[in-house]
Amino acid sequence: MRKILSLFMLVFVVGALNAQQINKTFMPTKCSNAVEHLTKAEATNDTRAYGDVYYEQDFGGGAIPADWDIYENSTQGYNFIWTDSPVPGPGGQYVTGTPAFESTTVSNGYLCLPGDEYNANNANFIDMDAYAELPMFNFDTAIAVTMMFEQYYRYCCGTPTIVVQVSNDNVTWTDFDVSTGTANNVSTDNPDIVRINITSVAAGYSTVYIRFHYADVSHYYWAIDDIKLVEGAANDLKIDETYITSITDFGAQGIGFNGYYAKLPLSQITPMFFQADVFNNGYVDQTNAIMTATVSDASGVIFTGDDTTAVIASDSTSSMVSEWFTTTTVGTYEVEMDVTQDQTEQYPDDNFYGPEDWEITTNDIMVHDKFYSRNLGPGSYTDGTDGDLIGADFTFSANTEVKSLSVFVDYRSAVDGIIIGQLYSYDAGSAVLKIESEE
């Protein structure tokens, strides 16, 4: 029977304890296949390869364009603004040290919602609920429509609404979640380049309305620049979700590397597979799609595995899984995944994932800090109080002896904070305390 071993840390400090965030999800999930996020290095600026550019806006006119509609529901006048300040919302309480926005045309201005600045003098913080609406568009002859823009945001505290909304009747709106999965107090890539397939609610309609909506959190900022509406691609596969997963001796999906474990001991290694969820973001069915996973170590390529899907229909996803890979050697490994098809790909930047690395050790097992390193403590989440448990689950495929537990706490933590380490075994819904450390 599978055993899950958990480490729980009791935190007796009011305020933030800066440690590794614990999350059992293997990978951050995207809210919509129609939305993707790219870094500037990954994105290409030549969107004209798709066809016509219907609309461009770089906010170079010294103000929000006159044909835009700016409004909000907080009754405080907390609206989107035009600014050319390098740092979004420089008058805020908590933006000291915030890097300048790095959009392509940041020097001539951009759209910004400076929630932190709006709340700078408020004893009771007020959540944003603001809209920035573009002019109406006519896409009645368009086959496909893609929206692109560059953004940079940071929020606190809660679960924000960060969406682009599209309607073809100005009554019913479709949300495209453009949040990136970042946690409270964590900035996005700078810039985060967003690409949205809005074909389903825009192409073929003579009245199309598009707006940005930000709500439900009070602080920090959302900066937006370099908006483009372009003709969508016919041939556009993209790797959406990826998984690097080991199978335990018990035949169940068990140990995930990307997003959870950075290190695993050799004694716990079982065969693993590499999976990519491949989405057809174009309007033409794609044939003979091949996902290839390539594993390397210090000596070079040591494994190549693939999977083939005969047809991926437009606006659909195929989960493609490689052959099994097994290692028997301590060392550092990395995997790259890519996808190809018979058709000529029009947007190749998102056909590739990686490299993602992990380490096979003699004894150590470690939760990954690549995705989950952040401020964490009783003040970091709703209803947090002293004495709360912060824990990580470790799944073992073979019996083992645990000799030590460790957690990183950085210099920003309270000097008088108390941490108590507890080791539990967890089986069939029941947790049993095995050992507890001193304060």
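Read the figures in this text as sums done on the coordinates, not as results from a lab. Bear in mind the structure is a predicted one, so any value in this text is a computation, not a measurement. Glycine gets a Cβ as well: all are built from the backbone with ideal geometry, and neighbour counts include every protein chain shown.
Close amide-amide hydrogen proximity is noted between VAL145 and ILE198, THR199, ALA203, GLY232, each under 5 Å apart and 5 or more residues distant or on a separate chain (H modeled in the peptide plane; Pro and chain starts excluded).
Going from the fewest other Cβ atoms within 10 Å to the most, the residues HIS219, HIS213 appear in the order HIS213, HIS219.
From the Cα gyration tensor of the stretch 121-246, with a ≥ b ≥ c the square roots of its eigenvalues, which class applies: rounded if a/c is under 1.5, or else prolate if a/b is larger than b/c, or else oblate? Write down the numbers at each step before the final one.
Details: a/c = 2.31, a/b = 1.33, b/c = 1.73.
Here the stretch 121-246 falls in the oblate category.
For chymotrypsin sites (Phe, Trp or Tyr not before Pro), the sites in the stretch 283-373 that DSSP calls loop and that have at most 16 other Cβ atoms within 10 Å are TRP324.
Between the alpha-carbon centers of the stretch 305-320 and the stretch 146-181, tell me the distance in whole angstrom. Comparing the Cα centres of the stretch 305-320 and the stretch 146-181, I get a distance of 28 Å.
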